[in-house]
1. Filter region 79-97 for residues that are open to solvent by 40 Å² or more (accessible area, probe 1.4 Å) and either β-branched (Val, Ile, Thr) or assigned to a helix (DSSP H, G or I) (or both) and give the result.
2. I'm trying to understand the selection: among the residues of region 1-42, which are modelled with pLDDT under 95, basic (Lys, Arg) and more than 20 Å from Ile94 (Cβ to Cβ)?
3. Sort out which residues of region 58-78 are open to solvent by 70 Å² or more (accessible area, probe 1.4 Å) and touching a Phe, Trp or Tyr at 6+ places or on another chain (Cβ under 9 Å), and write them in order of number.
4. Take region 34-57 and flag every residue that is open to solvent by less than 100 Å² (accessible area, probe 1.4 Å) and assigned to a helix (DSSP H, G or I).
5. Going through Ala28, Ala107 one at a time, which residue ends up being among the small types (Gly, Ala, Ser), under 30 Å from Met1 (Cβ atoms) and assigned to a helix (DSSP H, G or I)?
6. Spot the failing condition for Phe88; the list is (1) farther than 26 Å from Phe23 by Cβ; (2) without any contact (Cβ under 8 Å) to a residue 12 or more places away in the chain; (3) not small (Gly, Ala, Ser), and only one is missed.
7. Quick check on this structure: which one of Lys2, Lys25 is more than 14 Å from the chain's Cα centre (by Cα) and more than 26 Å from Thr122 (Cβ to Cβ)?
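The values are calculated or read from the model by the stated rules, or taken from the named source; none is laboratory data. This one's a predicted model, so the numbers in the text were calculated from it and none came from an experiment. Reconstructed Cβ throughout: ideal geometry from the backbone, glycine too, with neighbour counts over all protein chains shown. Protein only, heavy atoms only, side chains kept; ligands, DNA and RNA dropped before computing areas. Shrake-Rupley method; radii C 1.70, N 1.55, O 1.52, S 1.80 Å.
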Amino acid sequence: MKRRNAYILFVVLALVVLFLDRFTKIIAVEQLSDGRSIAFIPRVFDFTLVFNEGGAFGIFAGGRFFFIVVAIIVVAAILIYLLRTKSFFMPAVIALSLIVAGAAGNAYDRALTGRVPDFIHTLFIDFPVFNIADIALTIGEIGLLLIIVVYWFKQGDDTKDEDSKPEVGQKEQATS
């Protein structure tokens, strides 16, 4: 993938996800602040507003500045990587874009109010309430992990193939 196309994909996807995250959070706060839930798909999920002052699953509550700093470091590291890399793999660009958008979306809320509005509530499993930024982060992280694992296994296969091939100028030994 060409550098210019990778940058365009990265920026456009990150901005779209950030917009969706902000838009849905604003709507959720406006519509659900009275404590009610709105059923979306019966027995699957509904919209219920909760405010998270911690990280994933509410851990490290009150860690506002810690999470903001971590988000800034993650976003900066990804941007530096993208500016320095010479080859772009579209799935990796997408995964990194989702991670940046999710981290930035939640960091914005933490910086602005000290808490993150979560509103998507699963009913078919007992799972914490989450938001669009959380979805983007999760998909991006899983995607990046899969890319790394596949690349790692592919590299292992290439090494095996290279080990089994005779070096240039060497003859294969006959087996008897």
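1. We begin by selecting, within region 79-97, every residue open to solvent by 40 Å² or more (accessible area, probe 1.4 Å); these are 79-81, 83-84, 86-87, 89-91, 94.
Within region 79-97, Leu79, Ile80, Tyr81, Leu83, Arg84, Met90, Pro91, Ile94 meet the criteria.
2. Scanning region 1-42 gives a single hit, Arg36.
3. Phe60, Phe66
4. Ala56, the sole residue that qualifies.
5. On the way: Ala28 fails: under 30 Å from Met1 (Cβ atoms).
Of the residues listed, the single one that is among the small types (Gly, Ala, Ser), under 30 Å from Met1 (Cβ atoms) and assigned to a helix (DSSP H, G or I) is Ala107.
6. (2)
7. Values: Lys25 fails: more than 26 Å from Thr122 (Cβ to Cβ).
Of the residues listed, the single one that is more than 14 Å from the chain's Cα centre (by Cα) and more than 26 Å from Thr122 (Cβ to Cβ) is Lys2.
Matching residues to (1) out of contact with any helix residue (DSSP H, G or I) (no Cβ under 9 Å at 6 or more places or on another chain); (2) in contact (Cβ under 8 Å) with a residue 40 or more places away in the chain:
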| position | (1), (2) |
| --- | --- |
| Leu32 | yes, yes |
| Phe40 | yes, no |
| Phe47 | no, yes |
| Ala56 | no, yes |
| Phe60 | no, no |
| Phe65 | no, no |
| Ile72 | no, no |
